[in-house]
Amino acid sequence: MRHRWGYRKLGRKSEHRRATLRNLATALFVHERITTTLANAKELRSYAERLITRARNDSVHSRRIVARELHSRTVVKHLFDEIAPRFADRPGGYTRIMKMMPRRGDNAEMAIIELVSRKDDE
């Protein structure tokens, strides 16, 4: 049973796990759609949605908190200026996960994670 498991460890130490989520979130905000393993996508979903929720309130404090997580100024600016306003009316659920065929080399479950309203769709 999975009762009270806080998060997925993803087979990494804590610093490596945080760096992996940070890099995945940066790629998601830049490309708005990425392919990764299913476990990484499920863990990234909560991480990225917290950042988008924080970015909906455009203040200096919110920008500093998000910039502490994402180390790229251009990605932070893109998140606050372009991505967050698209979700201003939405109460949550900013990402979508779609399962794919397993990876050929090691049969790992793969998934596409994307933002629900992408600039391509508009």
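Coordinate-derived values only; no laboratory data. It should be emphasised that the depicted structure is a prediction, and the values quoted were computed from it without experimental measurement. Positions of Cβ are generated from backbone atoms using ideal geometry, with glycine treated the same way; all protein chains shown enter the neighbour counts.
Residues of the range 19-39 that are part of a helix (DSSP H, G or I) and more than 12 Å from the chain's Cα centre (by Cα): ALA19, LEU38, ALA39.
Looking only at residues in the range 53-64 that are part of a helix (DSSP H, G or I) and in contact with a helix residue (DSSP H, G or I) (Cβ under 6 Å, 6 or more places away or on another chain), the one that is surrounded by the fewest Cβ atoms within 10 Å (Cβ to Cβ) is SER62. Identify all residues within the range 73-122 that are basic (Lys, Arg) and within 19 Å of LEU44 (Cβ to Cβ); write none if there are none. Within the range 73-122, ARG86, ARG90, ARG96, LYS99, ARG103, ARG118 meet the criteria. Considered as a group, the residues in the range 1-45 that are free of Cβ contacts under 8 Å to residues at least 12 places away in the same chain and among the polar types (S, T, N, Q) include one that is nearest to LEU79 (Cα to Cα), and that residue is ASN23.
Residue-wise test of (1) of a type outside the set (A, V, I, L, M, F, W, C); (2) in a helix (DSSP H, G or I).
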position: ARG45; (1), (2): yes, yes
position: ALA67; (1), (2): no, yes
position: LYS77; (1), (2): yes, yes
position: ALA88; (1), (2): no, no
position: MET98; (1), (2): no, no
position: MET101; (1), (2): no, no
position: ASP106; (1), (2): yes, no
position: ILE113; (1), (2): no, no
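Has the range 20-37 got at least one residue that is within 18 Å of PHE80 (Cα to Cα), crowded, with 18+ Cβ neighbours inside 10 Å and of a type in the set (S, T, N, Q)? For the range 20-37, residues within 18 Å of PHE80 (Cα to Cα), crowded, with 18+ Cβ neighbours inside 10 Å and of a type in the set (S, T, N, Q): present.
For the range 72-117, the set of residues classified as acidic (Asp, Glu) and touching a residue at least 40 places away in the same chain (Cβ under 8 Å) consists of GLU109, GLU114, listed by residue number.
Between ARG4, ARG17, ARG22, which is of a type outside the set (A, V, I, L, M) and more than 20 Å from ILE112 (Cα to Cα)?
Details: ARG17 fails: more than 20 Å from ILE112 (Cα to Cα); ARG22 fails: more than 20 Å from ILE112 (Cα to Cα).
Selected residue: ARG4, the only one of ARG4, ARG17, ARG22 that is of a type outside the set (A, V, I, L, M) and more than 20 Å from ILE112 (Cα to Cα).
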